[in-house]
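Let me begin by presenting the structure, written as structure tokens, before commenting on it.
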Amino acid sequence: MAGEAHPTIGVPGAVDREELRVKRELFDIPEGVIYLDGNSLGAPPRHVAERMQEVVKHQWGERLIRSWTEGWWEAPQRIGDRIGRLIGSAPGQVVVGDSTSVNVFKALMGAVKGTSRTEIVCDESTFPTDGYIAQSVASLAGLKIRAARPSSLDLTEDTAVVLLNHVDYRTGELHDMKALTEQAHGVGAQVVWDLCHSAGVLPIELDALGVDFAIGCTYKFLNGGPGSPAFIYVPQHKQGTFENPLSGWNGHREPFAMEPAYEPDPGIVRARVGTPDILSMLALDAALDVWDDVDLAELRQRGLALTALFRKHVEKLTGLEVITPEVRGNQISVRCPDAGTVMRELIARGVIGDHRPPDVLRFGFAPLYVTDEDAIKAAEILADVTR
Ligand SMILES: Cc1ncc(COP(=O)(O)O)c(C=O)c1O
């Protein structure tokens, strides 16, 4: 694939095969498995298990409660900054904790607080949890909810906030963050971006684009582990007025003063709620070590090249329709009758992807551990299974 031009980037997509192999060595993936489900649950970096042993044995077992003042308490902000680097946020604007669903709630409630506008607009094809939470927020805040396609949002001065998925979880389509953020701001609305399928996939410029809020999970392309804590981005200029609807003691200005009245921390800490899930958070922290030297622009090139390669082979070898548009994340979705049965057969033959009802096979390409050979072989096995 090296050197093939790609229309969504417009520059040669140089894939360094050697480097892909080197990174693969950092991950625990069983022999014989082609793992194409990093868009659901990323593979574990090999050193995480050992680190967690140290965390349990030393930090928890030996240091006991002292560990809270030896790094645990600040972990949500410290790890938030590590993620911030990957999503175009200056330090002090991202905090890790809670689930994506909970963070969608915080961000949306924060966005509609005090508004005289009347509607929340939600991506029509959003991952369901975002839509469900938006409905709760609309009902709690007395607003209407309107579903719309990102390509025709029809925003007006009634729109308080727009909730958008950066990459569509079903088709893999990548939405234009710059244009859509500008569109929302053009009518004075705010925008909340769900980065679940784009964090760790491509360079994101939250600060530069003036995004109002962003949230995302860490268990997909960021390899944080099953149920690892999510993140929320609140830019500096919004922090003073951002009202966290879940006013837990971790977001208090003086959490250990044990005051009866809630007074929020002046900064990003106000987005915290309760005691962080330290074991999961430190597994994420360890996993992020593999991300420290990753150049996201280069990674993006590899992701585009891998997905292009897989698409080409699927189209050549199977009669199946690829529904992922050219402007995409690291995912290729294929329409396939009886998708559940086909995926079970693929998994039995070592190709692990997933399916979404009624008829979509999803294949995620994490360039840190998926190789060109994997992409070609997976397409060949898919052709064999569906022949
Ligand atoms: C776009 C998107 N938002 C949210 C979620 C899940 O939210 P939570 O981590 O709260 O289960 C997913 C899970 O796949 C997702 O794809």
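I need the phi-derived Karplus couplings for region 241-258: 6.51 cos²θ - 1.76 cosθ + 1.60, θ = phi - 60°, integer Hz, Gly and Pro marked x.
Residue by residue, region 241-258 yields 10, 5, 9, 6, x, 10, 7, x, 5, 5, x, 6, 4, 10, x, 8, 7, 6 Hz.
So which residue, out of Val48, Val211, Val294, gets the largest mean-square fluctuation from a GNM of the chain using Cα contacts under 10 Å as springs?
Greatest mean-square fluctuation among the candidates belongs to Val294.
Based on Cβ point charges of +1 for Lys and Arg and -1 for Asp and Glu, what charge dipole magnitude is obtained for the chain about its Cα centre, in debye rounded to the nearest 20? Mind dumping the intermediate values first?
Details: 38 positive and 54 negative charges, 83 e Å.
For the chain, the charge dipole is close to 400 debye.
On full extension of the chain, what length is gained from Tyr262 through Asp176, given 0.36 nm per residue of separation minus the C-alpha to C-alpha distance?
Working: separation 86, 0.36 × 86 = 30.96 nm, distance 3.84 nm.
Difference between extended and current length: 27.1 nm.
Grab the beta carbon distance between Arg349 and Ser151, set R0 = 25 Å, and tell me the FRET efficiency rounded to 0.05.
Plugging the Cβ-Cβ distance into 1/(1 + (r/R0)^6) gives 0.10.
Can you give me the convex hull volume of the Cα atoms of region 71-291, divided per residue and expressed in Å³? Walk me through the intermediate numbers first.
Details: hull volume 24.3 nm³, N = 221.
Hull volume normalised by residue count: 110 Å³.
Using a simple charge model, +1 on the beta-carbon of Lys and Arg, -1 on the beta-carbon of Asp and Glu, nothing else, what dipole does region 32-156 show about its Cα centre, in debye to the nearest 20?
220 debye
May I ask you to compute the full-extension gain from Asp207 to Glu25, defined as 0.36 nm times their residue separation minus their alpha-carbon distance, rounded to one decimal in nm? The partial results should precede the final answer.
Numbers: separation 182, 0.36 × 182 = 65.52 nm, distance 3.37 nm.
Extra length available between Asp207 and Glu25 comes to 62.2 nm.
Show me the three semi-axes of the equivalent ellipsoid for region 33-165, from the C-alpha gyration tensor (sqrt of 5 times each eigenvalue), largest first, rounded to whole Å. Before the final figure, lay out each step's value.
Numbers: eigenvalues 276, 79, 35 Å².
Gyration-tensor ellipsoid for region 33-165: 37, 20, 13 Å.
What are the residues whose amide H is under 5 Å from the amide H of Arg146, where those residues sit 5 or more places off or on another chain and H is modelled from the backbone?
Ile120, Val121, Cys122
Whole number please: convex hull volume per residue of the Cα set in region 261-315, in Å³?
Details: hull volume 9.3 nm³, N = 55.
It comes to 170 Å³ per residue, whole-number rounded.
Counting only pairs 8 or more residues apart or on different chains, how many lysine pairs in the chain have their Cα atoms under 14 Å apart? Write down the numbers at each step before the final one.
Values: Lys106/Lys238; Lys113/Lys238; Lys312/Lys377; Lys316/Lys377.
Lysine pairs, 8 or more places apart or on different chains, close enough: 4.
Can you compute the charge dipole magnitude of region 71-291 about its Cα centre, using +1 on each Lys and Arg Cβ and -1 on each Asp and Glu Cβ, nothing else charged? Give it in debye, rounded to the nearest 20.
Numbers: 16 positive and 26 negative charges, 27 e Å.
Its charge dipole is roughly 120 debye.
Using 0.36 nm per residue of separation minus the Cα-Cα distance, give me the extension gain between Glu50 and Arg78 in nm, one decimal.
Working: separation 28, 0.36 × 28 = 10.08 nm, distance 2.09 nm.
Here the answer is 8.0 nm.
Restricting things to Cα coordinates, could you compute the convex hull volume per residue of region 328-387 in Å³? Provide the component values of the computation, followed by the final result.
Details: hull volume 4.8 nm³, N = 60.
Dividing the Cα hull volume of region 328-387 by its residues yields 80 Å³.
How large is ³J(HN,Hα) for each residue in region 157-174, as worked out from phi by the Karplus curve 6.51 cos²θ - 1.76 cosθ + 1.60 (θ = phi - 60°), to whole Hz, x for Gly and Pro?
Karplus values, whole Hz, x for Gly and Pro: 6, 7, 7, 7, 8, 10, 10, 10, 8, 5, 10, 5, 5, 8, 9, x, 4, 9.
Can I get the semi-axes of region 152-218's equivalent ellipsoid? Compute them from the C-alpha gyration tensor as square roots of 5 times the eigenvalues, in angstrom, largest first.
On the way: eigenvalues 83, 33, 20 Å².
Those come to 20, 13, 10 Å.
Give the relative contact order (percent, whole number) for the chain; include only Cα pairs under 8 Å separated by 6+ residues.
Details: 788 pairs, mean separation 87.4, N = 387.
So the answer I get is 23 percent.
Restricting the count to DSSP beta bridges whose residues both fall in the chain, what percent are antiparallel, rounded to a multiple of 5?
Values: 22 of 41 bridges.
Antiparallel: roughly 55 percent of the beta bridges in the chain.
Per residue of region 176-186, in order, report the coupling 6.51 cos²θ - 1.76 cosθ + 1.60 (Karplus, θ = phi - 60°) as ³J(HN,Hα) in whole Hz, putting x for Gly and Pro.
Coupling constants for region 176-186: 7, 4, 5, 5, 6, 5, 4, 4, 4, 5, x Hz.
Specify which residue in the list Tyr233, Leu26, Phe127 is farthest towards the positive end of the charge dipole of the chain, using unit charges on the beta carbon of Lys, Arg (+1) and Asp, Glu (-1), about the Cα centre.
Phe127
With bins 20 Å wide starting at 0, give me the P(r) of the chain over every alpha carbon pair, in whole percents.
Per 20 Å bin, starting at 0, the Cα pair percentages come out as 28, 56, 16, 0.
The numbers here are math on the coordinates, done by the rules we state, and not lab data. Being a predicted model, the structure only gives us computed values, none of them experimental. Counting neighbours? That spans all protein chains shown, and the Cβs are built from the backbone with ideal geometry, glycine included.
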